[in-house]
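These notes concern the structure reproduced below.
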Amino acid sequence: MKKVMSLLLAMAVSVGAFAQSTWKSDGAHSQLKFDIQHLGLSTVSGSFTKFEAAVSASKADFSDGVFTLTAETGSINTGIEQRDNHLKSPDFFDAATNANLTFKSSSLKSLGNGKYSITGDLTLHGVTKPVTLELWYRGTIENPMSKKPTAGFRVTGSIKRSDFNIGAKFPAQMLSDEVNIIADGEFVKQ
């Protein structure tokens, strides 16, 4: 009887350890960046400074994770105010009409060594399209300061601005159609 009770207790603890959990991005240790080629001569980079990201998962390796992101398009920052204002205008993001960009994953495919192909719907400039990026799960530790479980992720890949009707007046010779995405951050278990 003791063996049966011990087994049931062990099963209950195991189920609890893999229960669905939510992790939210730590704003102080997370970034959402992009870069684009200008005239084929230089790379211009920027970021969105106001965003929230989260992941829900029941597996310790996040292989069943569902990732979400919402960023304020008006928080775009390239370090040049005049350019930022132009990017917020109807020529590009039209931040007054399309205040947010969003992403929600629909599938993860393991590539090995903590790397995944992540596919989901990206809504940008009022257009929703499926995109596939690369996700790198960097591991989980107990944060020595907060004592909370903290996981690290990096997402990289590229999208085409033409797919989202961004900067349609500007040909690829001026601004590359391909825009590189780099998201990096720490997520804290809630």
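Report every pair of residues separated by at least 6 positions or lying on different chains whose Cβ atoms are under 6 Å apart, first residue within region 30-56 and closer than 20 Å to I166 by Cα, second at pLDDT below 95 and not polar (S, T, N, Q).
none
So, of the residues in region 64-107 that are β-branched (V, I, T) and in a strand (DSSP E or B), which turns out to be farthest from F187 (Cα to Cα)?
Here the residue is I76.
Modelled with pLDDT under 95 and closer than 25 Å to T119 by Cβ: is that true of A60 in this structure?
Yes, satisfied.
Strands (runs of 3 or more DSSP E) wholly in region 108-190 with at least 2 residues that are of a type in the set (S, T, Y) - which ones?
Output list reads 115-124, 127-142, 149-160.
Is it the case that region 68-86 has a residue that's without any contact (Cβ under 8 Å) to a residue 24 or more places away in the chain and touching a helix residue (DSSP H, G or I) at 6+ places or on another chain (Cβ under 7 Å)?
No; the residues of region 68-86 include none that is without any contact (Cβ under 8 Å) to a residue 24 or more places away in the chain and touching a helix residue (DSSP H, G or I) at 6+ places or on another chain (Cβ under 7 Å).
The values are calculated or read from the model by the stated rules, or taken from the named source; none is laboratory data. None of these values were measured; they are calculated from a predicted model. With ideal geometry, Cβ positions are generated from the backbone for all residues, glycine too; neighbour counts draw on all protein chains shown.
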